[in-house]
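Beneath this line is the structure, given in structure tokens, with notes to follow.
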Amino acid sequence: MWMNKAGDSMHRIQFQHVSLQSFHLQQNVKPTTEKKAASFNEQFEIAKNELKISKHANERLRERNIHISEQEWKKVTDKVREARSKGVNQPLVLMEQAALIVSAKNGTVITVMERDEAKEQLFTNIDGTIVL
């Protein structure tokens, strides 16, 4: 915790990188030795196009038992990238089962809630909406 100039206490938010794969996908799948290892450049291209999930958002996914498939994450990532190219920095992403607040500028999912829960919310500090 730290203090701002007015003497108000502030909390720092920490982010944790989580792969685009849904938290609920099998995590113990080992790659076969027959596959060639991807080059660094290939891995870098994949990583820079993925959305990161903040620790807070990851906790919300787990707490609310929200499952987002890898295909859905790809769609979200593509639309956030498109929104960013049009000047949107912090979109609200409305999916069938969830609502996400994303920092397009940082490529990070900030928070997640169930779609029904989002019906009763007032969203501030967003500058675009993506409806999937």
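Dipole of the range 53-132 (Lys/Arg Cβ +1, Asp/Glu Cβ -1, origin at the Cα centre): which of Asn89, Leu100, Ala57 lies farthest to the positive side?
Asn89
At 0.36 nm per residue, and after removing the present C-alpha to C-alpha distance, how many nm does the segment from Glu82 to Leu132 gain when stretched out fully? Please list the in-between numbers first.
Details: separation 50, 0.36 × 50 = 18.00 nm, distance 1.32 nm.
Value of the extension gain: 16.7 nm.
In the range 57-132, which trypsin sites (Lys or Arg not before Pro) fall in coil by DSSP and have 12 or fewer other Cβ atoms within 10 Å? Numbers along the way, then the final one.
On the way: sites: Arg60, Arg62, Arg64, Lys74, Lys75, Lys79, Arg81, Arg84, Lys86, Lys105, Arg115, Lys119; in loops: Arg64, Lys86, Lys105, Lys119.
Passing sites in the range 57-132 are Lys86, Lys105, Lys119.
Based on alpha-carbon atoms only, what is the radius of gyration of the range 92-132 relative to the globular estimate 2.2 N^0.38 Å? Working shown, then result.
On the way: Rg = 9.6 Å, N = 41, 2.2 N^0.38 = 9.0 Å.
Its radius of gyration relative to the 2.2 N^0.38 Å reference: 1.07.
So who's got an amide H within less than 5 Å of the one on Val102, skipping anything under 5 residues away but keeping other chains? H placed 1.01 Å off N, in plane.
Close amide H contacts, sequence-distant or interchain: Val93, Ile110.
List the GluC sites (Glu not before Pro) within the range 44-132 that fall in a DSSP loop (any state other than H, G, I, E or B) and whose Cβ has at most 13 other Cβ atoms within 10 Å. Don't skip to the end; give the middle numbers.
On the way: sites: Glu45, Glu50, Glu59, Glu63, Glu70, Glu72, Glu82, Glu96, Glu114, Glu117, Glu120; in loops: Glu50, Glu96, Glu120.
Filter output for the range 44-132: Glu96, Glu120.
Using r as the Cβ-Cβ distance of Leu122 and Glu72, and R0 as 30 Å, what FRET efficiency do you calculate, to the nearest 0.05? Before the final figure, lay out each step's value.
Values: r = 25 Å, r/R0 = 0.84.
The value I calculate is 0.75.
We did not get these values from a lab; they are worked out from the coordinates using the rules stated. Keep in mind the model is a prediction, meaning the values are calculated, not measured. Cβ sites come from the backbone with ideal geometry, for glycine too, and all protein chains shown count toward neighbours.
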